[in-house]
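*Asks:* Below: one structure in structure tokens.
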Amino acid sequence: MRPFYEYHEKLMTGYSTSILNFPLHMHGGPELVRVRSGLLKVQLHSKEYDVSAGHMAVIFPNTIHS
């Protein structure tokens, strides 16, 4: 699957959701993902990481991720 570029007009946005299932993409701003409960699988380039409750993933700008 080829990643797509996600364009945001605002520098920073925030939202809360219980469903995080995005295809590979990248964008010009950083992304912070805090896991409140359960486990989240985060893919950065071709590596997959498990992020558990109480932890955070930091995704730098222009990094392919899902």
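*Asks:* Within the group E31, E48, which residue is open to solvent by less than 50 Å² (accessible area, probe 1.4 Å) and not small (G, A, S)?
*Replies:* Testing whether each residue is open to solvent by less than 50 Å² (accessible area, probe 1.4 Å) and not small (G, A, S) leaves just E31.
*Asks:* Can you tell me which residues in the range 41-59 are touching a Ser or Thr at 6+ places or on another chain (Cβ under 8 Å) and closer than 22 Å to L24 by Cβ?
*Replies:* Matches in the range 41-59: V42, Q43, L44, H45.
*Asks:* Kindly provide the set of residues from the range 34-45 that are under 15 Å from S16 (Cα atoms) and open to solvent by 80 Å² or more (accessible area, probe 1.4 Å), ordered by number.
*Replies:* Listed by number, the residues that qualify are R34, R36, S37.
*Asks:* Taking interchain pairs and intrachain pairs at least six residues apart, which have beta carbon atoms under 9 angstrom, with the first residue in the range 19-36 and more than 14 Å from Y49 (Cα to Cα) and among the small types (G, A, S) and the second open to solvent by 100 Å² or more (accessible area, probe 1.4 Å) and not in a strand (DSSP E or B)?
*Replies:* Matching pairs, first to second residue: G28/Y7; G29/K10; G29/L11; G29/M12.
*Asks:* Is it the case that some residue within the range 5-16 is in contact with a Pro (Cβ under 9 Å, 6 or more places away or on another chain) and among the aromatic types (F, W, Y)?
*Replies:* Looking through the range 5-16, none of the residues is in contact with a Pro (Cβ under 9 Å, 6 or more places away or on another chain) and among the aromatic types (F, W, Y).
The values are calculated or read from the model by the stated rules, or taken from the named source; none is laboratory data. Keep in mind that this is a model prediction, so the values were computed, not measured. Because the Cβ atoms are built from the backbone with ideal geometry, glycine has one as well, and the counts that use them run over all protein chains shown. Keep in mind that these areas ignore ligands, DNA and RNA; they rest on the heavy atoms of the full protein, side chains included. Shrake-Rupley method; radii C 1.70, N 1.55, O 1.52, S 1.80 Å.
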